[in-house]
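Please read the structure below before turning to the comments.
The values are calculated or read from the model by the stated rules, or taken from the named source; none is laboratory data. These numbers come from a predicted model, not from an experiment. Every residue, glycine among them, receives a Cβ derived from its backbone with ideal geometry; neighbour counts consider all protein chains shown. These area figures cover heavy atoms from the full protein model, side chains too; ligands, DNA and RNA do not enter into them. Shrake-Rupley method; radii C 1.70, N 1.55, O 1.52, S 1.80 Å.
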Amino acid sequence: MTAKRFLFALACAIVMATPLSACTAEPAAEPGLPGVGKTLNVLVSANSIYPTQQKQWFDDVSAKFKTQTGASVTFETFASPNDELTKIQTSVLSSQGPDVYSLGTTFTPTAYATGAFVELTADDWAKVGGRDRFLPATLGISGPDKQHEVGIPFTSRPFVMAYNTEMLKAAGIAKPADTWDGLLAQAKTLTTGGNFGLAVAYGDSFDPWKFIWAMSVQAGNPLVNGGKAQLDQESTLKAYQTYLGWLATDKVVDPAAAGWKNAQAIAAFGAGKAAFLPMVSATSKVTLDKSSVAGKYSYAIMPTIPPGATSLPAGGVAATSILSGDNLVVAKYSKNKDLALSLVKMLTSAEAQETYYKTFGELPTNAEYAKTLQSDPALAAIVDSSGKASGTPFSGAWSQIQLALVNVVVQSVPNLAAGKVDQAQLKSLVAQAQTAAQSALDKAK
Amino acid sequence: MLAPGGVLMFVVIVVPLAVALYVSLLDLDQYTFRQWVHAPFIRLGNYSEAIQRSNLLHSIRISVGYATIVTLATLPIGLAAALATQNRFRGRGLVRSIFLIPYVLPAFVVGTVWRIILQPDGIAEHTLSRFGVSEDLWLNGPRSFWALVIVQIWASWPLVYLLALAGLQSIDHTMHEAAALDGTGWWSKLRYVIFPFLRGPVTLAMLIAFLHNVNNFTLPFVLFGVPSPRDVEVLPVLTYVEGFQNFRFGVSAAMAVFSVVLIAIPLAAYLRAVRLDVGQA
């Protein structure tokens, strides 16, 4: 009986608590506004660094939107890219779900391929405040061309490299090198006394392809060219040899990095065990400012001159980073398209972008506000990288190509521990990746 | 009186299975899935692609190999634990509860904890190095297969233990008395009195364990991530990657159908053995 009573009480409590939690204190909407009585659903990535602030931001956005339009905003979060994908798949398939999605830039091509999101007309762009309110570089991955854009830039998260200023000073290195070969030479000098030159996450599911892409594109190979995969070109092989060689043969990376995720690489750098931490965004600042290297590190752009070269080769792009950040897309099935565009307009205004930057440390895509940040010396490298970032190929097959690129690294790891980069094995893995990438591209529509 | 059960079976089993079968015949991917009923019908194209151009056969070998080893290894551990806790002793309840911990922990937690233990420069490496073993790579390469086997044994032996314990409880105490009166030794008692009673529940435990191991997605996914190292590219993970990372839903459904066939074989053998399939006469 006690258990039954307890369950009954619990059920009552839940029933009573539900409506209470559902109606948080929001201002009453003024009658006559277009969105009165309507609710917009928005799916965004859960912010694990600032969870409390994110909840507050949700409430603030909803309240502000209500005063502007009469409609409230309900936020849903996803914890991982896989979560996000599942949500998108089920929503697209059932034609119901969030009205607005915040998508990672590299996922935008895949989202575009589904045909489930609104392609923005000139009129739509006007409704979000005009295409020219955004930094031109951030529009690079909104669609395959200007006429077919789905993604509205929301935040910019360019990749940079953190370096330990004390270690570099002690070794007499004035500044990080601008060539990958130069960085390796510096890393060798700095690998001493139990510390390593570089902290690199070889076990991460995403980091490795970003290195391979950057080194390839700098050497003039964008990996995809007119529907043809080019993963098996010499420049990409060289990129893999360089990247894997740091751990296997150059020994400038902690051998344990063979299994590291990105967060572990940040932790190793934060513990003062590595001099350089390439491929991190400004969000690493939160962790590093609480670590033992607080005040002893700085950010710089990653090298833009490919391995084996001393200057940018012909056709090479001096990309400092992939075009990284979040785009907002509006679902075609949404019955509140105009309201959704109003919300996007609100979120990408200079004022909202300032709040967002100050709360979460993510760079704005709003050109007007971005200008005011350029003068901040602490942000110089990150803003610089944002302007010099380059978009990954806009193809619905890109997610598959990414996976194929990372797979080469995953399958190479056992050999790294043996202190070598097995050329024959690498060639065969890269050939497999090329086949997978090409077959994905062949199916692209 | 069969109607409710029949409807339930239709909705819960037949409909999803039929949809999966249908999807496995479609060229369903990120370009077509918005209007999936209109996706091109390609007959058995996905099946031939899965066999010829994916790692399916390799994955089936890995899955069956690992599931068999784990199932066989958990048998003696589970049996021994059940026998050890059968007789009353002080603290038996506590021991029995502790034995169940690995089984009640969510696979996600088990995977995360073991991932930390087994990572390079982790606890496993440091402990083993004291015994002169200098292996550091457990989450990739050939040893990853054994990492998966060990962790899964750790997580799944209590199932055999539970069912063996249930079997032991069902043995009437007069059997024990009779054996004692006859002056039977412990091995003979075990072999001729106890084991015959355990055959049913333990076989069932092994079957469930095998099916669970073949179908296990969470543990390998959390332990090794994706893309999966080749030595632990089990069938459920391959199916997941094909569907949710490569967006080849048709091929993924074909792989899922293969896995249904794979688990149906031992299941059919078991049902035949216990004659559950003849129904009530």
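Long hydrophobic helices in chain B, taken as whole DSSP H segments with a C-alpha length of 20 Å or more on their own axis and mean Kyte-Doolittle hydropathy at least 1.0: B:56-84, B:143-169, B:195-215, B:249-274. Principal semi-axes of the equivalent ellipsoid, √(5λ) from the alpha carbon gyration tensor of the protein assembly as shown, are 48, 35, 27 Å from largest down. Kirkwood radius, region B:55-247, all distinct C-alpha pairs, inverse of mean reciprocal distance: 18.5 Å.
Looking only at the protein assembly as shown, where both bridge partners belong to it, what percent of the DSSP beta bridges are antiparallel (to the nearest 5)?
On the way: 24 of 38 bridges.
If I count the DSSP bridges inside the protein assembly as shown, around 65 percent turn out antiparallel.
Per atom type, region B:55-247 shows carbon and sulfur on 66% of its accessible surface, probed at 1.4 Å.
Once you average over the residues of A:237-250, how many Cβ atoms of partner chains fall within 10 Å of each Cβ?
Per-residue shielding by partner chains comes out at 0.
Specify the residue with the greatest mean-square fluctuation among B:44, B:26, B:198, computed from a Gaussian network of chain B linking alpha-carbon atoms under 10 Å apart. Looking only at B:44, B:26, B:198, the biggest GNM fluctuation is shown by B:44. Counted by Cβ distance under 14 Å from residue B:192, the other residues give a net charge of +2, where Lys and Arg count +1 and Asp and Glu count -1. In this simple spin-label model, placing a label point 7 Å from the Cα along the Cα-to-Cβ direction at both residue B:9 and residue A:378 gives a separation of 6.7 nm.
Looking at region A:333-418, the accessible area is 36 square angstrom per residue; that uses a 1.4 Å probe and ignores ligands, DNA and RNA. The label point for residue B:131 and the one for residue A:311, both projected 7 Å from the Cα toward the Cβ, are 6.0 nm apart. Scoring A:364-376, A:283-295 by mean Cβ neighbours within 10 Å over their residues and listing the highest first yields A:364-376, A:283-295. With loop membership from DSSP and a limit of 12 other Cβ atoms within 10 Å, the longest segment of chain B without trypsin sites (Lys or Arg not before Pro) is B:91-274. In a simple Cβ point-charge model (Lys, Arg +1; Asp, Glu -1; nothing else charged), region B:55-247 has a dipole of about 480 debye relative to its Cα centre.
Calculated accessible area for region B:55-247 comes out at 48 Å² per residue, all protein chains present (probe 1.4 Å; ligands, DNA, RNA ignored). Residue B:31 exposes around 40 Å² of accessible area when a 1.4 Å probe is run over every protein chain in place. Each semi-axis of the equivalent ellipsoid for region A:292-350 is √(5λ) with λ an eigenvalue of the Cα gyration tensor; in descending order they amount to 40, 21, 9 Å. Taking 25 Å as the limit for the C-alpha separation, the pairs A:296/A:358; A:127/A:332; A:66/A:345; A:210/A:273; A:290/A:358; A:238/A:296 exceed it in the case of A:238/A:296. Dividing the summed helix terms, -39500 (n - 2.57) for each DSSP H run of n ≥ 4, by the number of residues in chain B produces a 222 nm estimate of -21000 deg cm²/dmol to the nearest 500.
For peptide A:253-260, the mean count of partner chain Cβ atoms within 10 Å of a residue's Cβ comes to 5. For the chain pair A and B, the buried solvent-accessible surface (1.4 Å probe, both sides summed) amounts to about 2900 Å². Summed over qualifying helices (DSSP H, 4 residues or more, each -39500 (n - 2.57)) and divided by its residue number, chain A shows a 222 nm mean residue ellipticity of -14000 deg cm²/dmol. Using only alpha-carbon positions in region B:23-95, the gyration tensor eigenvalues give semi-axes of 50, 17, 8 Å once each is multiplied by 5 and square-rooted (largest first).
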